[in-house]
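The structure under discussion appears below in the form of structure tokens.
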Amino acid sequence: MLLDCWSIPCVLLFTWFFLKTKYRFKKLVGVVICIAGLVIVIFSDVHSADRASGSNPIKGDLLVIAGATLYAVSNVGEEFFVKSADRVELMSFLGIFGAIVSAVQISILERSELKSIHWSAGAALPFVGFSVAMFLFYSGVPILLKISGSTMLNLSLLTSDMWAVLIRIFAYHEKVDWMYFVAFAVVTAGLIVYSVGDKMEENPAEVGDEEVEQSKHFDEEAGMSNPDHNFASSSAVEKDELASNDDLKKERRKKILTKK
């Protein structure tokens, strides 16, 4: 929950500072509503006393905040490359380097856990299912980033806690507090408010360039639709050039006569 809460303001800050994204009031309202829904989840966690606390909670929170900040950097960077580069190339290199980094990480930090696994169908199927889920997730992320941006992605990830609650109910037959469902409705409402809000303002320089290109295109179309006007204007220019040439010839003749 701390990861979800911290990544959203980080994404807002990074997109505003690096990508020059401007958020309208309705979008900020949607963000606040989503965070309020997550706060309801935190307050409704009536089973928190049953969970074993860590040995150093402050250190754990700092590590989560650092991870959430890096996750926000990753999402904003991916949004930049999705909107400015080839999406297929981005996904290819993300998969290649992600596999290399993950292999190095698991060989250093989780070597003993990897050796202790007794491979069977029951042990392999969860890994396969998780891999398929991650493949579908990271294949859909660039599409969402291109359409709605990294802020919408992180707001959508808030619903992961709600889906976990549904899995607890139907898969593990556990009871949850009724406020979970209220929080799910609040987060959904916040996503709707954010997605239907005003679109992000474009860069004024880009808008000016687009207006100039549109005006040029309009002038070209107008010229093609009125060839007589183009012929008249070109003939007028030719007449001016001929007149200027005649004047130059007259001046040269005068200079030659005066010398004689």
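Computed values, structure above
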quantity	calculated
Cβ pairs under 6 Å, 6+ apart, first in segment 151-177 and assigned to a loop (DSSP other than H, G, I, E, B), second at pLDDT 75 or above and open to solvent by less than 20 Å² (accessible area, probe 1.4 Å)	Val176/Val165
Criterion: touching a residue at least 60 places away in the same chain (Cβ under 8 Å), in a helix (DSSP H, G or I), of a type in the set (Val, Ile, Thr) and surrounded by fewer than 17 Cβ atoms within 10 Å (Cβ to Cβ) - qualifying residue of Val182, Val186, Val132, Val141	Val182
From Phe97, Phe80, residue being at pLDDT 90 or above and more than 26 Å from Leu155 (Cα to Cα)	Phe97
Per-region count, segment 84-105, residues open to solvent by 50 Å² or more (accessible area, probe 1.4 Å) and in contact with a helix residue (DSSP H, G or I) (Cβ under 6 Å, 6 or more places away or on another chain)	1
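The values are calculated or read from the model by the stated rules, or taken from the named source; none is laboratory data. Quick caveat: nothing in here was measured; it's all calculated off a predicted structure. Because the Cβ atoms are built from the backbone with ideal geometry, glycine has one as well, and the counts that use them run over all protein chains shown. To get the accessible areas, we keep the full protein, side chains included, count just its heavy atoms, and leave off ligands, DNA and RNA. Shrake-Rupley method; radii C 1.70, N 1.55, O 1.52, S 1.80 Å.
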